[in-house]
Structure formats: structure tokens, C-alpha cells
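The values are calculated or read from the model by the stated rules, or taken from the named source; none is laboratory data. Everything quoted here is computed from the prediction, not taken from an experiment. Using ideal geometry, Cβ is built from the backbone for each residue, glycine included, and neighbour counts are taken over all protein chains shown.
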Amino acid sequence: MHSNEMLGFVGVGVMGRPMAERLMARGHALMVYDASARAREQLSAVGAQVAASAQEVADNASVLFTSLPSPAIFQDVALGEHGISRGKAVKILVDLSTVGSRATRAVAAGLGRHDIEVVDAPVSGGAAGAKAGTLSVMAAGKPEAIAAVRTLLEIFGKIIVVGEQPGQGQLIKLLNNMLSSTAFAITSEAFVAGVRGGLDPETMMSVFNAGSGKNGATMDKFPKYVLPRSFDFGFPISSVCKDIGLAVDECQAMGVPLWVGNTVRQLWQFAALQDGRGCDMTELVKYVEQWSDAADQA
């Protein structure tokens, strides 16, 4: 891929914007579209061309990236009126969203009828990882399609090829996020119990991390965002609910019973219903603290 060849990017929000900016920083010309005027203006200000629709991006770029918030929006952007499927130039769509394998398979089938390949490439690592170029990219698709965009994906972080079928990247991403959100939920409960029992928070984390209880929450999120009470990891509770909901639905559709996954999904959804949707995911600890206090007063 030559740097003077136009790339496309649809969905330049919290995750899409830093990834788009990294492409431009490497010298790639970029045309973008987003439903948000503010998002479009932010990319225009740093040198991106702004399109009036996803179709216009697909008319001008042979490789197009998407980073979109939901399965329905992804399917509409890909296959709807003024969508990517109607583009004259696009040959490969690289989807960086977390939208689930069913939406991805539907889009891959729809775009395949227009000779457009889909590389299913959800990312993990949050907005900070997107900005730093340290994301994990879970890529699935035809080997030749992945090979064609590999150097571009390496701008975002480390690529792990997980399969040849679009949708397999989505599945592994959802399973990863289900493990991560489950670890954070149970660590929150253990943390609140330990504090109430008089244990020192930092000592607790040291013991967990030296023992068999260590996980992503004890090693990273608690020391960085919970113990300092900054709660600014950068991933909202609403997004946790979306991802674990998709994960549970997909597993159940495959006949896998999720006793733990279903329970954790309900826990996060309950926090969201307590006005927590827009709160940082690390603020789940505050809800466990509040519920503990309420139990005391009952």
C-alpha cells in the first residue's frame, strides 16, 4: 500500500479517531466520514478529507476501515443506502469494531456479492492503546486480504491472525472482553470485602498478584485507576454491557451455557441501570461499595 494512495475511514470517534490519526502520521492520505459533525471537523483539522457519506469514502478508497458502535450501525454503513457496498473503488473493508460475529458474517456475505473482501479485525487496548499504537488486533479473513492490509494494521499494534472466516475475530474479541469484565467484577467484590475487613488496598493487590488470583484487573486496572480513585480507564459501563451481552448471546446461540457469564452480564446491567451507563467501567467498584453500605443499613 503506497502512502499516496487514498485510504478510507468511517467512524472516527473515541477509538477510530486515534487510529485514523496514526495512519495520517505515517503519511497516508485519508478520507473520513462520521455521523458526528464534531468528529468530522476534528479529523479535517488535522488534514483528513471529509466525505458526505460512507459511499463517498468507498468511491475513493480501495481499502476502507470502519470503527462503529453497534451491529445495526455497522450493517447499515456497510450495506445500506449510501453505504460501502455501493462504492466504486473499495476492494477491502477492514472492520475494527466490536459488533459480534453474526453481524460480521452478514456484512461479509453482502459485500462479497460486490467483490469486496472483509477483514474482521476487532481491537483490544482501549483509547490509550489506539493512541500509542499498542492495540491487539485480532484478524480473521482470507489470507490474501489480511496480507494486503497487514502493514496498515501494524500501525495500530500487534496482529494476531485467528482464522480465515470473518466473524472469528469478533468471537475471540467478545470472549476476551467477557473474561476481562468478569475478572473486574469479581475483583471489585473481593476488593470491597478486603477493605471492609481492614486490609490495606495496595497490600491486597500485591498478594493477589503474587498468587493464583492475579488477573487483568488486579495487575492493571486496580493499581492504575481504582486505588488512586481516578476511575479514568476510558471504557464506559455501557460498552461493557454491549460487549458482554453480545458474548453471552453468541455463546448461547452455539449451545454453550453461560452460568457465570450470564450472572456477570446482569451485574453490569444493574450498575448501568443505576445511572451508570456513562460511567467509566472502573467505577463499578463504587457501586459495589454502595450496595455494601445499603446492605449494612437494611
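Mind listing just one residue for me: the one in segment 277-298 that is free of Cβ contacts under 8 Å to residues at least 40 places away in the same chain and of a type in the set (A, V, I, L, M, F, W, C) and, of those, surrounded by the most Cβ atoms within 10 Å (Cβ to Cβ)?
Only one residue fits best here, namely Trp291.
Which number in (1) assigned to a strand (DSSP E or B); (2) under 23 Å from Val12 (Cβ atoms); (3) in contact with a helix residue (DSSP H, G or I) (Cβ under 9 Å, 6 or more places away or on another chain) marks the one condition that Ile160 misses?
For Ile160, the failing item is (2).
Being in contact (Cβ under 8 Å) with a residue 40 or more places away in the chain and within 26 Å of Ala132 (Cα to Cα) is true for just one of Ala148, Ala217, Ala185, Ala253. Which residue is that? Give the derivation first.
Numbers: Ala217 fails: in contact (Cβ under 8 Å) with a residue 40 or more places away in the chain; Ala185 fails: within 26 Å of Ala132 (Cα to Cα); Ala253 fails: within 26 Å of Ala132 (Cα to Cα).
Exactly one of Ala148, Ala217, Ala185, Ala253 is in contact (Cβ under 8 Å) with a residue 40 or more places away in the chain and within 26 Å of Ala132 (Cα to Cα), namely Ala148.
Does Gly198 count as free of Cβ contacts under 8 Å to residues at least 60 places away in the same chain, small (Gly, Ala, Ser), out of contact with any Ser or Thr (no Cβ under 6 Å at 6 or more places or on another chain) and surrounded by fewer than 16 Cβ atoms within 10 Å (Cβ to Cβ)? If you could, list the steps in order and put the result at the bottom.
Details: free of Cβ contacts under 8 Å to residues at least 60 places away in the same chain: yes; small (Gly, Ala, Ser): yes; out of contact with any Ser or Thr (no Cβ under 6 Å at 6 or more places or on another chain): yes; surrounded by fewer than 16 Cβ atoms within 10 Å (Cβ to Cβ): yes.
Taking the combined requirement at face value, the residue satisfies it.
Restricting attention to segment 252-263, does a residue exist that is hydrophobic (A, V, I, L, M, F, W, C), surrounded by fewer than 20 Cβ atoms within 10 Å (Cβ to Cβ) and in contact with a strand residue (DSSP E or B) (Cβ under 8 Å, 6 or more places away or on another chain)? I'd like the intermediate steps shown before the answer.
Quick first cut of segment 252-263, residues hydrophobic (A, V, I, L, M, F, W, C) only: 253-254, 256, 258-260.
Those left that are additionally surrounded by fewer than 20 Cβ atoms within 10 Å (Cβ to Cβ): 253-254, 256, 258-260.
Of the ones still in play, those that are also in contact with a strand residue (DSSP E or B) (Cβ under 8 Å, 6 or more places away or on another chain) are none.
For segment 252-263, residues hydrophobic (A, V, I, L, M, F, W, C), surrounded by fewer than 20 Cβ atoms within 10 Å (Cβ to Cβ) and in contact with a strand residue (DSSP E or B) (Cβ under 8 Å, 6 or more places away or on another chain): absent.
How many of the residues in segment 7-57 are without any contact (Cβ under 8 Å) to a residue 60 or more places away in the chain, aliphatic (A, V, I, L, M) and within 14 Å of Val90 (Cα to Cα)?
Selection size over segment 7-57: 5.
Go through segment 256-276 and count every residue that is among the charged types (D, E, K, R) and touching a residue at least 24 places away in the same chain (Cβ under 8 Å). Break it down stepwise before answering.
Of all residues in segment 256-276, those among the charged types (D, E, K, R) come to 265, 275.
Subset that is touching a residue at least 24 places away in the same chain (Cβ under 8 Å): 265.
Residues flagged as among the charged types (D, E, K, R) and touching a residue at least 24 places away in the same chain (Cβ under 8 Å) within segment 256-276 amount to 1.
Would it be correct to say that Gly211 is out of contact with any Cys (no Cβ under 8 Å at 6 or more places or on another chain) and either more than 17 Å from Leu179 (Cα to Cα) or in the same structural domain as Gly13 (by TED's automatic domain parsing) (or both)?
For Gly211, the condition - out of contact with any Cys (no Cβ under 8 Å at 6 or more places or on another chain) and either more than 17 Å from Leu179 (Cα to Cα) or in the same structural domain as Gly13 (by TED's automatic domain parsing) (or both) - is met.
Check off (1) over 15 Å from Met19 (Cβ atoms); (2) not assigned by TED's automatic domain parsing to the domain that holds Cys241; (3) not aliphatic (A, V, I, L, M) for Lys158 and give me the number that stays unchecked.
(1)
Residues checked against (1) surrounded by 17 or more Cβ atoms within 10 Å (Cβ to Cβ); (2) at pLDDT 95 or above; (3) within 19 Å of Met19 (Cβ to Cβ):
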residue	(1), (2), (3)
Gln75	yes, yes, no
Gly125	yes, no, yes
Ala128	no, no, yes
Pro143	no, yes, no
Gly167	yes, yes, no
Lys173	yes, yes, yes
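Which condition breaks for Phe233 when tested against (1) outside any loop (DSSP other than H, G, I, E, B); (2) in contact with a strand residue (DSSP E or B) (Cβ under 6 Å, 6 or more places away or on another chain)?
Looking at each condition in turn, Phe233 falls short on (1).
Here is a yes/no grid of residues against (1) within 27 Å of Ala39 (Cα to Cα); (2) without any contact (Cβ under 8 Å) to a residue 40 or more places away in the chain; (3) charged (D, E, K, R):
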| position | (1), (2), (3) |
| --- | --- |
| Ser67 | yes, no, no |
| Phe74 | yes, yes, no |
| Gly110 | no, yes, no |
| His114 | no, yes, no |
| Ala140 | no, yes, no |
| Ile155 | yes, no, no |
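Could you list all residues from segment 24-73 that are surrounded by 15 or more Cβ atoms within 10 Å (Cβ to Cβ) and of a type in the set (D, E, K, R)?
Asp34, Arg40, Glu56, Asp59
Which residues, counting only those in segment 27-65, are over 22 Å from Ala148 (Cα atoms) and among the small types (Gly, Ala, Ser)?
Ala35, Ser36, Ala37, Ala39, Ser44, Ala45, Gly47, Ala48, Ala51, Ala52, Ser53
Answer with yes or no whether Arg40 is under 18 Å from the mean Cα position of the chain (by Cα) and among the basic types (Lys, Arg). Talk me through it step by step, then tell me what you get.
Details: under 18 Å from the mean Cα position of the chain (by Cα): no; among the basic types (Lys, Arg): yes.
The answer is no for Arg40.
Out of segment 207-223, which residues are charged (D, E, K, R) and part of a helix (DSSP H, G or I)?
Asp220, Lys221
Which of the residues belonging to segment 76-96 are touching a Gly at 6+ places or on another chain (Cβ under 8 Å) and touching a residue at least 60 places away in the same chain (Cβ under 8 Å)?
Within segment 76-96, the first condition is being touching a Gly at 6+ places or on another chain (Cβ under 8 Å), and the residues that meet it are 76-79, 85, 90, 96.
Selection gives Val77, Val90, Leu96.
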